[in-house]
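In what follows, a single structure is set out as structure tokens and then discussed.
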Amino acid sequence: MFNTKPTNQVRAIAGNHSGNLVTCSPSAQPIYNVLEHKAKCGNHWARITVAGLQSLCAGRMHLNNVFIKPATNISYGHEEFFLILPGCKATVEKQSNGQFRVLHLEADMNYGLLQQNAKKPGLWKVKKEGEWKVSDIKGGHINNKHNRIVAITDSLKGAPKDVVEASISLLSNAPVSGGIFTLTRDGFDMHHTPGARMIGGLKNVRQASTVERDSSLNESALLLAKTMYNARKVEGVRWISIQGGSGVLTQAMQILADQEITLKDHAVQFCAPTTNMSKAVSLAQRLDLSKDRNYHSQRNMLDLNQTIGGGLLSGYVVPYQRLKNESDYDSLKFIGDLYRGTNSIKVAVATTVSIGTAVGVFSGVSIPAMLGFITTTAGTAALIPKVTEAYAPKYHNKIKGRF
Amino acid sequence: MFNWSLKLREQAEFCTPQGPSFKKAKKIKFSINGTEISFFAPRHSSHFPSKEVIQPRKENVYDHLMMRPYKSYNERWLYNALCRRSWGFYGEWFTGYMGELSMRVSLVTPGELTQTASFFRPKAFENSLADFLQYLYADEIYEGAQKWLAPIDWTVVNSWSCPAATFYVRPNVGNAESPDRYYIFPISDKHFIEVYFNLHRGGSGSQEEKDKLISLSTIEQLSTDIMNSIQIKLSPEVQAQQAKALEGCEDTTLSVKFPPLKWTTPEQDAEYEQYLQDEIRTQEILNS
């Protein structure tokens, strides 16, 4: 009764030979066996889940900021926490001797079916054959074509087909997507996260600001991270998030960044993001992801979901981050972005003058006049760039290209 | 009543969504090389601004229409959408969007002529149709089982001088997509008209699960109403073409029965069998 040593029946899940020993409680063992069986049969989600449980043998530090949340207080060196994996929620106990014991497993054995029915996050293939057609992709492998587009959509309650309809105009207007022609011709892949409400935005500011740690997105982000990892050798993949999809993408990038993985040949873009942009940009930089001129596209600061969710000051922070970390990002682009950021929250006049004078002093050009090239301004101010565009296109493009 | 697109609450019970009334439908009439086609349909009122609308041109000529393949990588069948509309269906009292009926009327022709027999010959038409359905639906496989069943509820329409039929394409195992519905008839030796409907319901879940929450009846009824209003008047040239095609042909009507086509290979059938066995085994381990 008082013997706390593991009995012979308890089989080690991992850590038999090295690392911390991971065991299963008798109640969790049969469920683990089924998971293992499913994983061996080539079930994608079960493989991720089993690998997730086994990775405990390397300690939990490397998992810390992504998919673990503490369950109860620490007492006598014991510690209990949840591990949220695709199709499975595990309660794990860390014993005082450093071993881990899986106490309880809640698993959806029909996770594959739930993914198919769009009740759980999953990857979908979207193609246009007369109409938009969607079909689920098993195994989390995107199409191996060059320059494949993967849309990471917002958490919407709805059939994947409706999600496509709702996202297609944002997606086709993102510069890196190649427009509606590319999308209809080649189709694209979509990572869909079912949910009741949008990720981040005005109503979920807390979630928006700490999205890389938000536990409600763990499952989806882990699947996306695995998809991104699988696709790392495919050339020129473009990861485009739509609205709150930026949250899932941010967390997935966090998971990859923690494992020191880079995606050199891929590009990223956030369409109308509703979650913290400064975090997303710094992670994209860590993963060596390329971008268009901007990380974001179609950002509308009049939309409070984007202004508040994306971080009020991100219009200033992101340019600063880029100036510090990107070699091809010069001070003129920095000024251009600052101006855009400012202009969008409608305090344009003051900054135009101040930035203009500040820069004008050392570069010897009249910057305020040139700033008209960056954003469309109303009234006569817009006339000068437009006239230049019409009669001296070369000169116009030269100036525009600098910002 | 009160079926608006604004959503303020979740719908909990079974509901019958409402769409546009067919009573207010206006006549749509157009011709292709003299053959006149008309039907009644309500105004376009999709829930999604991105949905494409095409108003038909009054007069169309085969040679001037740009025919495009359904699939960019396979040009076996080409189409040109002549008319396109969709209608949103909404639940009661602020429960919002529930489903959508999409319609597309298109001219269809094979990319390369594999058979020389005219579409006016019933057997030739049925063969081409089998190939057409295979082209569109046979690619998708779930664990060795085909994801789509087509045609289902095959009904021959005898009202017109040309052969015509309606049928459904329904999702099979492992497919949560919405069913499609077709009304097809040939209008030349190598062209046919496809009136396509997609009976879509929103939300997640398989079609059976959706049946418990959202009724398909109103969406289906609108498609039936539109189908029933279709009028076809073949041009004299086409009638001559048809008469020539049917010379010496005894069987002049389409088959009354057209069972669902089977596209899977024996290996795929075995794979599906294996998959079912695996599922049973998983249950056994779980129960033991």
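If you check B:Tyr70, B:Tyr79 for being aromatic (Phe, Trp, Tyr) and open to solvent by 10 Å² or more (accessible area, probe 1.4 Å), only one passes: B:Tyr79. Is at least one residue of region B:91-108 within 12 Å of chain A (Cβ to nearest Cβ), within 30 Å of B:Glu13 (Cβ to Cβ) and assigned to a loop (DSSP other than H, G, I, E, B)? Scanning region B:91-108, I find at least one residue that is within 12 Å of chain A (Cβ to nearest Cβ), within 30 Å of B:Glu13 (Cβ to Cβ) and assigned to a loop (DSSP other than H, G, I, E, B), so the answer is yes. Please indicate, with yes or no, whether at least one residue in region B:271-284 is open to solvent by 80 Å² or more (accessible area, probe 1.4 Å), more than 18 Å from the chain's Cα centre (by Cα), over 30 Å from A:Lys157 (Cβ atoms) and away from chain A (no Cβ under 14 Å). Within region B:271-284 (the criterion being open to solvent by 80 Å² or more (accessible area, probe 1.4 Å), more than 18 Å from the chain's Cα centre (by Cα), over 30 Å from A:Lys157 (Cβ atoms) and away from chain A (no Cβ under 14 Å)), the answer is yes, since at least one residue qualifies. Only one of (1) under 30 Å from A:Gly195 (Cα atoms); (2) among the polar types (S, T, N, Q); (3) more than 14 Å from every other protein chain (Cβ to nearest Cβ) fails for B:Ser206. Which number is that? Among (1) under 30 Å from A:Gly195 (Cα atoms); (2) among the polar types (S, T, N, Q); (3) more than 14 Å from every other protein chain (Cβ to nearest Cβ), B:Ser206 violates only (3).
Can you tell me which residue in region A:96-116 is farthest from the other protein chains (Cβ to nearest Cβ), limited to those that are in a loop (DSSP other than H, G, I, E, B) and in contact (Cβ under 8 Å) with a residue 24 or more places away in the chain? Checking each candidate, the answer is A:Gly98. In this structure, A:Leu217 does satisfy being within 16 Å of the chain's Cα centre (by Cα) and either surrounded by fewer than 24 Cβ atoms within 10 Å (Cβ to Cβ) or farther than 21 Å from B:Ser72 by Cα (or both).
Filtering region A:167-176 for residues that are among the polar types (S, T, N, Q) and away from chain B (no Cβ under 14 Å) leaves an empty set. Cβ-Cβ contacts under 8 Å between residues 6 or more apart (or on different chains), taken from a first residue in region A:243-261 that is in contact (Cβ under 8 Å) with a residue 40 or more places away in the chain and open to solvent by 10 Å² or more (accessible area, probe 1.4 Å) to a second residue that is assigned to a helix (DSSP H, G or I) and polar (S, T, N, Q), are listed as A:Gln243/A:Ser167; A:Gln243/A:Asn305.
Does A:Lys119 satisfy the condition of being open to solvent by 30 Å² or more (accessible area, probe 1.4 Å), free of Cβ contacts under 8 Å to residues at least 60 places away in the same chain and facing another protein chain (nearest Cβ under 10 Å)? For A:Lys119, the condition - open to solvent by 30 Å² or more (accessible area, probe 1.4 Å), free of Cβ contacts under 8 Å to residues at least 60 places away in the same chain and facing another protein chain (nearest Cβ under 10 Å) - is not met.
Filtered by the rule that a residue be over 15 Å from the mean Cα position of the chain (by Cα), free of Cβ contacts under 8 Å to residues at least 40 places away in the same chain and not in a loop (DSSP other than H, G, I, E, B), region B:199-227 gives B:Gln207, B:Glu208, B:Glu209, B:Lys210, B:Asp211.
For region A:139-156, the criterion of being free of Cβ contacts under 8 Å to residues at least 12 places away in the same chain and either within 11 Å of chain B (Cβ to nearest Cβ) or part of a strand (DSSP E or B) (or both) is satisfied by no residue at all. Selection within region B:16-60: residues that are over 18 Å from B:Ile230 (Cα atoms) and of a type in the set (D, E, K, R). The member of this set that is most open to solvent (accessible area, probe 1.4 Å) is B:Glu52. Note on region B:145-161: residues that are touching a residue at least 40 places away in the same chain (Cβ under 8 Å), under 24 Å from B:Arg76 (Cα atoms) and not polar (S, T, N, Q) amount to 6.
Residue by residue, here is whether (1) more than 14 Å from chain A (Cβ to nearest Cβ); (2) within 16 Å of B:Cys162 (Cα to Cα); (3) surrounded by 20 or more Cβ atoms within 10 Å (Cβ to Cβ) holds:
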{"residue": "B:Pro186", "(1), (2), (3)": "yes, yes, yes"}
{"residue": "B:His191", "(1), (2), (3)": "yes, yes, yes"}
{"residue": "B:His200", "(1), (2), (3)": "no, no, yes"}
{"residue": "B:Lys212", "(1), (2), (3)": "no, no, no"}
{"residue": "B:Ser217", "(1), (2), (3)": "yes, no, no"}
{"residue": "B:Glu220", "(1), (2), (3)": "yes, no, no"}
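The residue of region B:141-163 that is surrounded by the fewest Cβ atoms within 10 Å (Cβ to Cβ), among those that are away from every other protein chain (no Cβ under 13 Å) and among the polar types (S, T, N, Q), is B:Ser159.
Among residues of region A:322-341 that are small (Gly, Ala, Ser), those with a Cβ under 6 angstrom from a residue that is open to solvent by less than 30 Å² (accessible area, probe 1.4 Å) and part of a loop (DSSP other than H, G, I, E, B), sequence gap 6+ or separate chain, pair up as A:Gly336/A:Ile374; A:Gly336/A:Phe403.
Could you say whether any residue in region B:236-252 is within 14 Å of chain A (Cβ to nearest Cβ) and either in contact with a strand residue (DSSP E or B) (Cβ under 9 Å, 6 or more places away or on another chain) or loosely packed, with under 14 Cβ neighbours inside 10 Å (or both)? No, region B:236-252 contains no residue that is within 14 Å of chain A (Cβ to nearest Cβ) and either in contact with a strand residue (DSSP E or B) (Cβ under 9 Å, 6 or more places away or on another chain) or loosely packed, with under 14 Cβ neighbours inside 10 Å (or both).
Yes/no matrix, rows are residues, columns are (1) part of a strand (DSSP E or B); (2) open to solvent by 10 Å² or more (accessible area, probe 1.4 Å); (3) among the small types (Gly, Ala, Ser):
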residue: B:Gly88; (1), (2), (3): yes, no, yes
residue: B:Ala130; (1), (2), (3): no, yes, yes
residue: B:Ala165; (1), (2), (3): yes, no, yes
residue: B:Phe197; (1), (2), (3): yes, no, no
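In summary, B:Ala117 fulfils each of the numbered conditions (1) open to solvent by 20 Å² or more (accessible area, probe 1.4 Å); (2) at pLDDT below 85; (3) in contact with a strand residue (DSSP E or B) (Cβ under 9 Å, 6 or more places away or on another chain) with the single exception of condition (3).
The values are calculated or read from the model by the stated rules, or taken from the named source; none is laboratory data. Small disclaimer: the values here were computed from a predicted structure and weren't measured. All Cβ positions, even for glycine, are placed from backbone atoms using ideal geometry, and neighbour counts span all protein chains on display. Just so you know, the surface numbers come from the protein's heavy atoms only, side chains and all, with ligands and any DNA or RNA stripped out. Shrake-Rupley method; radii C 1.70, N 1.55, O 1.52, S 1.80 Å.
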